[in-house]
Amino acid sequence: MDTKRSLWQKLQAYKLHNNVYAVLMLAVSVLGFIVIYVSPLKASPLVPELAMAFATSLLASIFSLVSDIFVKYKNHENDKLLEGIHEFGISDLHFNKQLLLEHLLKTCDREVWVSGYRLILTSKISASLSQAIKQGAVLKVLVSPPWMEGFKLVYGENDRVMDNYCKVFGAIVKACMEANRPVDQVCEVRFTRKPLFSDTYKVDMHVVSGPFMHNRDEENQRITANDFFTYNLIKKSRLYNLIENEYMTLWDEANSVLLWDKYVQAAEQIRTNDLREKEKIELMKNACQPLEDNVFLLVAAGREI
């Protein structure tokens with residue numbers, strides 16, 4: 001890959017491009033005051049003096065900004081890390097994925113992708129997902145559930161997660177009803193037996209991802225997705241395409257799909273009965289259908305297989 005970058009690309013990588021915009025705006029302002037100084041308005045007793053004073057002040061600001069840009073540019077000139085981050089399309093690194101996702105979902109109106117095992121973080125942002133649905137977004141939810149091998153390899157068989165699933169899916173159903181949109185056309189939930197290596201969300205053109213981590217917290221439980229380090233990708237790049245393609249590969253190879261009418265029945269039984277986790281899992285499992293048996297339904301609905 002060619003590592004040579006233009007001056008402008010380096011300024012963007014060093015996050016100095018906004019400083020350049022500021023210099024250009026100030027320069028235009030200086031020219032404006034010079035035009036005023038030599039215009040017919042110079043006959044006024046105060047206008048020439050004020051125009052010259054403003055122009056002189058703005059020139060001083062320009063010199064200060066240019067000096068600051070030069071110093072920062074020289075400090076970063078040999079810093080290949082910043083250039084590499086920019087090349088990969090990484091906007092920023094985060095340790096609070098919930099705040100980042102809630103911020104992005106405020107203006108989301110096209111598509112949302114979700115992935116996960118326990119859906120702890122997704123259940124916490126269910127209100128934001130509902131808002132995105134009301135704004136016109138469509139959803140893909142990819143889950144490695146507790147009745148399949150992938151989940152058991154990572155979290156064993158003792159995690160209580162069905163309440164999280166019901167909170168997320170219930171919020172989606174409710175949002176679709178309030179928006180008068182058919183839930184089966186708005187959201188598709190697929191289940192995979194494979195373990196997930198990346199904790200990936202997509203909100204419109206933003207890909208928010210990071211690795212699944214096996215660290216334990218102070219209570220000796222697995223840390224949640226909100227505690228994983230996260231990078232926000234906003235630029236089409238090789239890394240962006242790799243993560244996007246990984247999600248779609250797992251999506252295409254998923255084993256089963258949630259049937260929303262059966263889910264509503266299962267959720268009602270879970271809500272009205274005092275059930276053990278295994279009983280809840282069995283109800284949720286029975287609300288799914290093997291994907292190969294559902295191909296014709298998906299094609300008829302006009303969705304991508």
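The values are calculated or read from the model by the stated rules, or taken from the named source; none is laboratory data. Not measured: the values here are computed from a predicted model. For neighbour counting, all protein chains shown are included, and Cβ atoms are generated from backbone atoms with ideal geometry for every residue, glycine included. Ligands, DNA and RNA are stripped out before the accessible areas are found, and what is left, the full protein with its side chains, is counted by its heavy atoms. Shrake-Rupley method; radii C 1.70, N 1.55, O 1.52, S 1.80 Å.
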### Message
What does the extension gain come out to for Val35 and Asn18, with contour length at 0.36 nm per residue minus their alpha carbon separation?
### Response
3.5 nm
### Query
Taking R0 as 35 Å, what's the FRET efficiency between Asn273 and Arg110 from their Cβ-Cβ distance, rounded to 0.05?
0.35
#### Entry: Placed amide H near Ser198: partners under 5 Å, 5+ positions off or other chain
Phe212
### Message
Give me a comma-separated list of calculated 3J(HN,Hα) values for the stretch 176-182, in order, Karplus coefficients 6.51, -1.76, 1.60 applied at θ = phi - 60°, integers in Hz, x for any Gly or Pro.
### Response
5, 5, 5, 8, 6, 10, x
### Summary
Probe 1.4 Å, all chains present, heavy atoms only: Asp261 accessible area in Å², nearest 10, is 100
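Going by accessible area, probe 1.4 Å, with all protein chains left in place, what is the ranking of Asp159, Asp184, largest first?
Values: Asp159 45, Asp184 75 Å².
The most accessible residue leads, giving Asp184, Asp159.
Taking only Cα atoms of the stretch 235-280, what ratio of Rg to Rh do you get with Rh as the Kirkwood inverse-distance radius? The partial results should precede the final answer.
On the way: Rg = 17.7 Å, Rh = 13.8 Å.
Reported Rg/Rh (Cα atoms, Kirkwood Rh): 1.29.
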### Task
Using only the alpha carbons, work out the radius of gyration and Dmax of the stretch 123-195 in angstrom.
13.6, 40
